[in-house]
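One structure below.
The values are calculated or read from the model by the stated rules, or taken from the named source; none is laboratory data. Since the structure is predicted, the reported quantities are computational estimates derived from the model, not experimental observations. Heads up, the Cβs are rebuilt from the backbone with ideal geometry, glycines too, and the neighbour counts pull from every protein chain shown. Each accessible area value is taken on the protein alone, full model and side chains, heavy atoms only, with ligands, DNA and RNA left out. Shrake-Rupley method; radii C 1.70, N 1.55, O 1.52, S 1.80 Å.
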Amino acid sequence: MRWLIGGVTGLFVLWSGYWFVGSRAVLNNLQTWVANAPKDGIPVKTGGIALAGYPNRFDLTITNPEYADPVTGWSWRAPFVQAFALSYRPWALIVAFPNEQTLGRPGENIAVVSEGLRASMALLPQSDLGFDNVIVETNTAALTSDLGWTGSVRRSVIALRHDPTRAATYELGVQIGQLALDPAFSARLAETSDLPAVIDSMTVDVYTRLSAPLDRKAAQINPQVEQIEIKNVLISWGPLAIYAKGQVSPDANGLAKGRVSIEVTNWEHLVPLLVATGAVKPELSQTANNMMAAMAKSGTDPNVLAVPLVMTEGWMSLGPFPLGPAPSLRAQPGF
């Protein structure tokens, strides 16, 4: 019996020592990273960092975290954020966010009110701590801008995972249900369209190849997008359904170039939508409708419009309709 008690006591002491040494290492490494982050081009700061959870977990609480990028103007702040990990599996985390956060961009602040917003993340247990996967999910989320617009989702899941079969390649999956549009936009849309004020669902499946993997060196290397493969994008919105697939890559200036094939079922609802967004002027709506009708009739189903989204030489067009400058695929350092 004595040897059993002694063995249990010894294991308890060893485990306690491991937890305290491990917790101190986690805390010191995080504090050092936060202190050095601005030097590495990552503009973050916190109000404080605390760690608890003895003996089986590392429970980390960061108060008043803030990110403010001087290059892009984007920012994020929250009253706290918490991360939880099992002490014997510290490379797998669960991150819990508060119900209220604030996003910012030049000239605008957006209040985010959510229910059950959390993320689970896993790193590869290697020396470089490569990224393996992250899943972000929330039951409800509402956005309110100080510029007057609002929006909300009933349920959303965003997942990003490393593809082990391809170097520095990551799959992004998005599922959004019941996306409620801004009332002001819905009112404009209702003037010419019978599309509902709520988008039923959005599904996205995209592979992105980067110039370098996402790991602990990523902040210094600043990996860039080399190719985006759109496997599947599907938007269901009342009678309107939009499907897309294709490939996009950056040109010499970092602007998107490529071709995305788009199929629109019940396309006659598309023109009023483009007018409401400002992509098509109201006086040109009939001309746009006639052009789409002619394009649809040339296909196998007159209710389905097949049209390419083309990005070339810095510009973007949807079939014959110019949309404006192509987006940039070049990430800024620290963002």
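Brief remarks follow.
- The charge dipole of the range 77-202, taken about its Cα centre with unit charges on the Cβ of Lys, Arg, Asp and Glu (plus for the first two, minus for the last two), comes to roughly 320 debye.
- For the range 134-183, applying the loop criterion from DSSP together with a ceiling of 16 other beta carbons within 10 Å to the trypsin sites (Lys or Arg not before Pro) yields ARG166.
- A dipole drawn for the chain from +1 and -1 charges on Cβ atoms has a positive end, and of LEU172, VAL134, ALA187 the residue lying farthest that way is VAL134.
- For the chain, with all protein chains in place and a probe radius of 1.4 Å, 61% of the accessible heavy-atom surface sits on carbon or sulfur.
- Residue of GLN247, GLN220, GLN178 that the Gaussian network model of the chain assigns the largest fluctuation, springs spanning Cα pairs under 10 Å: GLN220
- In the full protein context, the chain carries 56 Å² of accessible surface per residue, based on a 1.4 Å probe and ignoring ligands, DNA and RNA.
- Per residue, the chain reaches -6500 deg cm²/dmol at 222 nm when only DSSP H runs of four or more residues are counted, each adding -39500 (n - 2.57).
- Positive-end residue of VAL34, ILE228, GLY278, charge dipole of the chain with Cβ unit charges: VAL34
- Which label in (1) 18.4, 55; (2) 24.9, 73; (3) 24.4, 92 gives the computed Rg and Dmax of the Cα atoms in Å: (3)
- THR140 accessible area, assembled protein chains, probe 1.4 Å, Å²: 50
- Three-way shape call for the range 42-172 based on the alpha-carbon gyration tensor, with the a/c threshold at 1.5: prolate
- Protection proxy ranking, peptides 72-81, 277-286, average beta carbon neighbours within 10 Å, highest first: 72-81, 277-286
- Net charge dipole, the range 115-266: roughly 260 debye, given to the nearest 20, about the Cα centre with Cβ charges of +1 for Lys and Arg and -1 for Asp and Glu.
- Taking the Cα centre of the chain as reference, the dipole from Cβ charges on Lys and Arg (+1) and Asp and Glu (-1) amounts to some 1020 debye.
- Estimated at the nearest 10 Å², the accessible area of ARG105 is 110 Å² with a 1.4 Å probe.
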